[in-house]
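Here is the structure we will look at, set down as structure tokens.
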Amino acid sequence: MAKTESSLRFDTRLIHGGTSPGPSGATKSPIVQASAFAYDTAEELEDIFKGRAIGQVYTRIGNPTLESLEKRLAAIEGGIAAIATSSGMAAITTAVMAIVRSGDEILSSASLFGGTYSLFHDTLANYGISTRFVDPTDADALRGAVNENTRLIFVETIGNPKMDVPDLAIFSAIARENGIPLMVDATVSTPYLARVGELGADIIVHSTSKYINGTANSIGGAIIDCGSFNWQSDKFPHFDQFYRKYRNFALTARTRKLIHKDFGACAAPLNAFLNCEGLDTLSLRMERHCSNAMRVAQFLDAHEKVSWVNYPGLPDSPYFEVANRQFGGRFGGLLTFGVADKASAFRVINALSLAKNLANIGDTKTLVIHPASTICADYTPEVKALMGVGEELIRVSVGIEDIEDIIEDFAAALEQA
Ligand SMILES: *Cc1c(COP(=O)(O)O)cnc(C)c1O
């Protein structure tokens, strides 16, 4: 007898979970590069618009190629539904705006991807939604920052570039105690390190542009609804009509029927297809990203010109214990290290030949960047300090090349440090 999908092991679920055969037995879901979908009768289209029948209407609302990515991501993460978006930032913006309203507060980890920090700190603040940023490793400070206006708790699995690993059990407990949903950005850990729904996330957001796509050929994002939050709550009266009709699918329904439809940040079919392709090899790539990153971390840690290395997999990392428990002894492909100062960091970056100097992570290629002068350049000195972005810091997204070549590249470049 065929196994049920949820009984499949993770690597098998990555490849088969949520898939269905394509036309003529195609082993791939087709790229449906169409904007709209025709029906024979006016009655059929009326039924779809009224919710009496299910069908595709217009690609901003839904498309079969997007649906294949959505079904696969939901199956892999153990969620009840997913929504594919045009980018990771689109996923975060759409998911957050589906939950909070003007006057509400977000309690967020202070260690955030730059785009998310700017969304919370600047953009949403202009719409009357304020955010409290708290050190994600300080449980008392987190608890103390919840108040009667808090409507969402937000955290990243591995802070970038701080490389801190918050204990999701603490975040989940605080969310449960207060009847507030927990949204987790799992881009850097990917489902390979942890299915964060099992660790207490109610909503998972991904930038699929990174490790899920894997080869840096298309931007995308996704929102996964774990179906675990009870939206029938005085705190969320705007969910009432959706809860009555859709029960634990209330968030997905409200997002699809209002926020996602209205903001329009839908994924492009070709990008959704390419992100699906990446899922097949996620485990294989992540295994190599993790083992290569560990070797690079150990090499840098022992190098006389390197003043410090921040990788959660190093036993002396303050985040080792939590990361080891949460991620089952795997620590991801990102690390940061410090040299003497900014000039030294620039000399090292300029002397690297294999590693590319660019603003991305999660590619098969090894990538570096100097965050203080680029992706974090707009931060005030206080925010830079809070986010752990010093002038001497270089971030590395370790690729899946031969480890000896990566280490030789850094060894040669560090001569210039
Ligand atoms: C890249 C990234 C995002 C934003 O994703 P885009 O696809 O670039 O919009 C969000 N969160 C994290 C942790 C990221 O690394």
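The values are calculated or read from the model by the stated rules, or taken from the named source; none is laboratory data. The structure presented is a predicted model; accordingly, all values stated were derived computationally and were not measured. Ideal geometry is used to build each Cβ from the backbone, glycine not excepted, and the neighbour counts take in all protein chains shown. The accessibility values were calculated without ligands, DNA or RNA, using every heavy atom of the protein model including side chains. Shrake-Rupley method; radii C 1.70, N 1.55, O 1.52, S 1.80 Å.
Within segment 87-102, restricting attention to residues that are more than 8 Å from the ligand (Cβ to nearest atom) and outside any helix (DSSP H, G or I), which residue is nearest to ILE129 (Cα to Cα)? Spell out the reasoning first.
Here is the first cut: in segment 87-102, the residues more than 8 Å from the ligand (Cβ to nearest atom) are 93-102.
Right, trim to outside any helix (DSSP H, G or I) and you get 100-102.
Details: VAL100: 7, ARG101: 7, SER102: 5 Å.
Per the criteria, the residue is SER102.
Could you please let me know if THR116 is within 16 Å of the ligand (Cβ to nearest atom), farther than 21 Å from ILE375 by Cα and not hydrophobic (A, V, I, L, M, F, W, C)? No.
Kindly establish whether ILE375 is more than 20 Å from SER207 (Cβ to Cβ) and of a type outside the set (D, E, K, R). Outline the logic, then answer.
Details: more than 20 Å from SER207 (Cβ to Cβ): no; of a type outside the set (D, E, K, R): yes.
No: the conditions fail for ILE375.
For segment 75-86, the set of residues classified as away from the ligand (no atom under 16 Å from the Cβ) and surrounded by 24 or more Cβ atoms within 10 Å (Cβ to Cβ) consists of GLY79 only. On the stretch given as segment 219-245, residues that are at negative phi, surrounded by fewer than 24 Cβ atoms within 10 Å (Cβ to Cβ) and either small (Gly, Ala, Ser) or within 13 Å of the ligand (Cβ to nearest atom) (or both) total 3. Remark: pairs (first residue in segment 91-115, within 20 Å of PRO166 (Cα to Cα); second residue charged (D, E, K, R); Cβ separation under 6 Å; 6+ apart in sequence or on different chains) = LEU107/ARG132; ALA110/ASP135; SER111/LYS162; SER111/ASP164.
Among the residues of segment 1-42, how many are closer than 13 Å to ILE76 by Cα and surrounded by 10 or more Cβ atoms within 10 Å (Cβ to Cβ)?
Narrowing segment 1-42 to residues closer than 13 Å to ILE76 by Cα: 5-19.
Within this subset, residues satisfying the condition of being surrounded by 10 or more Cβ atoms within 10 Å (Cβ to Cβ) are 5, 8, 10-19.
Counting residues in segment 1-42 that are closer than 13 Å to ILE76 by Cα and surrounded by 10 or more Cβ atoms within 10 Å (Cβ to Cβ) gives 12.
May I ask you to verify whether THR93 is modelled with pLDDT of 95 or more and open to solvent by 10 Å² or more (accessible area, probe 1.4 Å)? Taking the combined requirement at face value, the residue satisfies it. Restricted to strands (runs of 3 or more DSSP E) entirely inside segment 105-221, those with at least 3 residues that are touching a Ser or Thr at 6+ places or on another chain (Cβ under 6 Å) and more than 21 Å from PRO318 (Cβ to Cβ) are 105-109. So which residues in segment 169-196 are more than 16 Å from the ligand (Cβ to nearest atom), open to solvent by 10 Å² or more (accessible area, probe 1.4 Å) and touching an Asp or Glu at 6+ places or on another chain (Cβ under 8 Å), if there are any at all? Of everything in segment 169-196, just one residue is more than 16 Å from the ligand (Cβ to nearest atom), open to solvent by 10 Å² or more (accessible area, probe 1.4 Å) and touching an Asp or Glu at 6+ places or on another chain (Cβ under 8 Å), namely ARG195.
The set of residues in segment 115-134 being in contact with an Asp or Glu (Cβ under 8 Å, 6 or more places away or on another chain) and crowded, with 20+ Cβ neighbours inside 10 Å consists of THR116, ILE129, THR131. If I filter segment 238-250 for residues that are in contact with a helix residue (DSSP H, G or I) (Cβ under 9 Å, 6 or more places away or on another chain) and either in a loop (DSSP other than H, G, I, E, B) or within 24 Å of VAL188 (Cβ to Cβ) (or both), do I get at least one hit? Looking for residues that are in contact with a helix residue (DSSP H, G or I) (Cβ under 9 Å, 6 or more places away or on another chain) and either in a loop (DSSP other than H, G, I, E, B) or within 24 Å of VAL188 (Cβ to Cβ) (or both), one finds none in segment 238-250, hence no.
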